[in-house]
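Chemist: Here it is, the structure, as structure tokens.
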């Protein structure tokens, strides 16, 4: 059981559009004073794209910076690299999962910035792309997602497990308590005609990654999905787009009740990603958040239980926005958290 008391505190998702890592860390630490994360900076380089970022050392990986494409070359002999991955997993060799500064300058700048703070952080948050999303996005030479290859799918889960495990260890050098988010945007495609994905298999891949994480496990999905699948995993925090999909989540009251009963936390992504944020204020978003909570209360959940188990966040990563809009979204999120805590915490 984790020791995090959510208390309607704000928590970021991950990516922002800034290219200066020092400015990006400053913004994150300013607005998310208790639960900051290191910033992903996809505008700085394609290497910090959420799929390229975690591609280092994957068997057969090809990173084409000019075409901004990451793929697996099956023409290579993959056996030596696969063997190295399996041995690293067996030996718990965390160096295999290291994120270099070329791929995660935001992380390395964050690690330098945190010790200089005049306060202690409750938790620090890291993130890794989830196995379903990574395996459906990274393709082979025939543009077939590697998740549909049994051997490579297993390799994806083991690879990302080591990436998450290394990252958690390095973050614990600056803060004892960690949250690791496994970001699964492609879970919004689960059940569609375009994605052939079994429920138990998806859970198994995610649990493989979760098994390498010793601290709190978060899953983030910024679209609509079968929420019962994610709630059936051992996840501790469910991060979702509450601005658009609170009504969809409320269709699973029994699963949510069970999740909260075992200590689960809901991260309400109430601040919209995109220009819609210009039309919102702290007051309007507080009302939307309360309306979302009311949907769960109407289904039989206790208001106090939901409030106690809630965090406040942006609805999704902000890497594709303007810097001005991203900063507004950060400020709104922090403002909603403060207003809710003053009223209810």
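The values are calculated or read from the model by the stated rules, or taken from the named source; none is laboratory data. Everything numeric here is computed off the predicted structure, so don't read it as measured data. Here Cβ is always computed from backbone atoms with ideal geometry, including for glycine, and neighbour counts include all displayed protein chains.
Chemist: Give all pairs with beta carbons closer than 6 Å in which a residue from region 5-31 that is within 26 Å of residue 342 (Cα to Cα) meets a residue that is modelled with pLDDT under 95; count only pairs at least 6 apart in sequence or on separate chains.
Modeler: Sorted first by the residue in region 5-31, then by its partner, the pairs are 7/345; 8/345.
Chemist: From the list 8, 4, 99, 35, exactly one residue is crowded, with 16+ Cβ neighbours inside 10 Å, assigned to a loop (DSSP other than H, G, I, E, B), at positive phi and under 20 Å from the mean Cα position of the chain (by Cα). Which is it? Outline the logic, then answer.
Modeler: Values: 4 fails: at positive phi; 99 fails: at positive phi; 35 fails: at positive phi.
One residue alone meets the criteria, 8.
Chemist: Of everything in region 236-271, what is part of a loop (DSSP other than H, G, I, E, B) and either closer than 17 Å to residue 188 by Cα or without any contact (Cβ under 8 Å) to a residue 40 or more places away in the chain (or both)? Give them in sequence order.
Modeler: Result: 241, 250, 251, 252, 262.
Chemist: Now a separate question. Filter region 136-165 down to the residues that are touching a strand residue (DSSP E or B) at 6+ places or on another chain (Cβ under 6 Å) and assigned to a helix (DSSP H, G or I) and list them by number.
Modeler: Scanning region 136-165 gives 136, 146, 160, 163, 164.
Chemist: Give 114, 70 a once-over and let me know the one that is farther than 30 Å from residue 32 by Cα, outside any loop (DSSP other than H, G, I, E, B), in contact (Cβ under 8 Å) with a residue 12 or more places away in the chain and out of contact with any helix residue (DSSP H, G or I) (no Cβ under 7 Å at 6 or more places or on another chain).
Modeler: None of the others qualify; the one that does is 70.
Chemist: I'm trying to understand the selection: among the residues of region 215-228, which are part of a helix (DSSP H, G or I) and either crowded, with 21+ Cβ neighbours inside 10 Å or free of Cβ contacts under 8 Å to residues at least 12 places away in the same chain (or both)?
Modeler: Narrowing region 215-228 to residues part of a helix (DSSP H, G or I): 227-228.
Hit for region 215-228 is 227, nothing else.
Chemist: Still on this model: Would you check which residues across region 14-32 are assigned to a loop (DSSP other than H, G, I, E, B) and either in contact with a helix residue (DSSP H, G or I) (Cβ under 6 Å, 6 or more places away or on another chain) or within 23 Å of residue 240 (Cα to Cα) (or both) and list them?
Modeler: Passing the criteria: 14, 16, 17, 18, 32.
Chemist: Then there's this: Is there a residue in region 269-276 that is at pLDDT below 95 and buried (at least 17 other Cβ atoms within 10 Å of the Cβ)?
Modeler: Yes, region 269-276 has at least one match.
Chemist: Quick one: which residue in 300, 319 is outside any helix (DSSP H, G or I), touching a strand residue (DSSP E or B) at 6+ places or on another chain (Cβ under 7 Å), surrounded by fewer than 23 Cβ atoms within 10 Å (Cβ to Cβ) and at pLDDT 95 or above? Lay out the reasoning, then the answer.
Modeler: Details: 300 fails: touching a strand residue (DSSP E or B) at 6+ places or on another chain (Cβ under 7 Å).
The conditions single out 319.
Chemist: Just to be sure I understand, how many residues within region 118-135 are more than 15 Å from the chain's Cα centre (by Cα) and not in a loop (DSSP other than H, G, I, E, B)?
Modeler: 1
Chemist: Something else about it: Tell me yes or no: at least one residue of region 248-261 is over 22 Å from residue 14 (Cα atoms), over 22 Å from the mean Cα position of the chain (by Cα), crowded, with 17+ Cβ neighbours inside 10 Å and at pLDDT 95 or above.
Modeler: Checked against the condition, which is being over 22 Å from residue 14 (Cα atoms), over 22 Å from the mean Cα position of the chain (by Cα), crowded, with 17+ Cβ neighbours inside 10 Å and at pLDDT 95 or above, region 248-261 yields at least one hit.
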